[in-house]
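One structure is given below, encoded as structure tokens.
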Amino acid sequence: MPSSAASFVSPADPRAVLLVIDVQNDFMPGGRLPVADGDAVVPLINRLGARFAHVVLTQDWHPADHASFASQHAGRQRFEQIALPYGAQTLWPDHCVQDSAGAALHPDLALPQARLLIRKGCHRDVDSYSAFVEADRRTTTGLAGYLRERGVDTVYLAGLALDFCVAWSALDACAAGFATAVIDDACRAIDLDGSRERAWRDMTAAGVRRLQLRDLAVA
């Protein structure tokens, strides 16, 4: 597989995939973990997706007693950090609970060519921001193998939230050897204590390209 510095193939090339991260109701304004302006990405991603022959979606899919929920830790507050066996964990409001309306993909998301839906965060004791590797950094989702078997070598990412699930997925795509780009204006961030800037600093250092929709001729 090429490194993140390899030449990118165009969106229409079968070696490229658009990885759409967590465009779910709970991350929309009015949801349980709203990302500011999160609903604005939906029409942008629809237009972007029309450029790609190959699309993969991800979906947070937590059990109701997930370890990342502040409600599961007596005396702890939302957005506080604690140590779990696999490392530091931000405590979140209950969100994207399996089979709930909040966990559903946004109803206006229109990507009929999507071939795969990756559900993550399914294990009660381990969070999973990344589409590739869970937070224990050992448990894989199988996405890297799926993409390799289909000849994909370039991953473009869009969705929510840029500074958590998008960034972790992009970093893991790079680590797995894929040429990787994040379409910045097709994402929105939580920006928790400067997390958006930190995410871009980490992604840039790893070799992730920062693109805009115009770079892909998406109006």
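The values are calculated or read from the model by the stated rules, or taken from the named source; none is laboratory data. Please read all numbers here as calculations on a predicted model, not as lab measurements. In this analysis, Cβ positions are derived from the backbone assuming ideal geometry, glycine residues included, and neighbour counts consider all displayed protein chains. Accessible surface areas use protein heavy atoms only, side chains included; no ligands, DNA or RNA. Shrake-Rupley method; radii C 1.70, N 1.55, O 1.52, S 1.80 Å.
Summary table below
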read-out: Residue within the stretch 136-149 that is in a helix (DSSP H, G or I), out of contact with any Gly (no Cβ under 7 Å at 6 or more places or on another chain) and either at pLDDT below 95 or closer than 22 Å to R78 by Cβ (or both) present; value: no
read-out: Among (1) small (G, A, S); (2) out of contact with any Leu (no Cβ under 7 Å at 6 or more places or on another chain); (3) open to solvent by less than 30 Å² (accessible area, probe 1.4 Å); (4) within 23 Å of A181 (Cβ to Cβ), the one test that A110 misses; value: (3)
read-out: Extreme residue, nearest to D153 (Cα to Cα), among residues of the stretch 190-219 that are open to solvent by less than 20 Å² (accessible area, probe 1.4 Å) and outside any helix (DSSP H, G or I); value: V208
read-out: Condition met for R47 (in contact (Cβ under 8 Å) with a residue 12 or more places away in the chain, part of a loop (DSSP other than H, G, I, E, B) and basic (K, R)); value: no
read-out: Residue count for the stretch 94-107, restricted to those that are crowded, with 17+ Cβ neighbours inside 10 Å, hydrophobic (A, V, I, L, M, F, W, C) and in contact (Cβ under 8 Å) with a residue 60 or more places away in the chain; value: 3
read-out: Test: residue in the stretch 33-43 that is surrounded by 23 or more Cβ atoms within 10 Å (Cβ to Cβ), at pLDDT 95 or above, in contact with a helix residue (DSSP H, G or I) (Cβ under 6 Å, 6 or more places away or on another chain) and assigned to a helix (DSSP H, G or I); value: yes
read-out: F69 buried (at least 16 other Cβ atoms within 10 Å of the Cβ) and within 25 Å of Y146 (Cα to Cα); value: no
read-out: Test for F79: is it open to solvent by less than 30 Å² (accessible area, probe 1.4 Å), in contact with a strand residue (DSSP E or B) (Cβ under 9 Å, 6 or more places away or on another chain) and under 29 Å from G194 (Cα atoms); value: no
read-out: Unique match (being at positive phi, touching a Leu at 6+ places or on another chain (Cβ under 7 Å) and not β-branched (V, I, T)) among F52, F79; value: F79
read-out: Qualifying residue in the stretch 90-101 (condition: touching a Pro at 6+ places or on another chain (Cβ under 7 Å) and more than 28 Å from D13 (Cβ to Cβ)); value: yes
read-out: Selection count, the stretch 112-135, where residues are in a loop (DSSP other than H, G, I, E, B) and farther than 26 Å from M203 by Cα; value: 5
read-out: Hey, G31 farther than 30 Å from R150 by Cβ and either out of contact with any strand residue (DSSP E or B) (no Cβ under 9 Å at 6 or more places or on another chain) or of a type in the set (A, V, I, L, M, F, W, C) (or both) or not; value: no
read-out: Unmet criterion (only one of (1) open to solvent by 10 Å² or more (accessible area, probe 1.4 Å); (2) out of contact with any helix residue (DSSP H, G or I) (no Cβ under 8 Å at 6 or more places or on another chain)) for R47; value: (2)
read-out: The stretch 71-83, residues that are aliphatic (A, V, I, L, M) and either assigned to a loop (DSSP other than H, G, I, E, B) or touching a residue at least 24 places away in the same chain (Cβ under 8 Å) (or both); value: A74
read-out: Pick from the stretch 125-159, criterion of a type in the set (S, T, N, Q) and open to solvent by less than 10 Å² (accessible area, probe 1.4 Å), ranking: farthest from T180 (Cα to Cα); value: S128
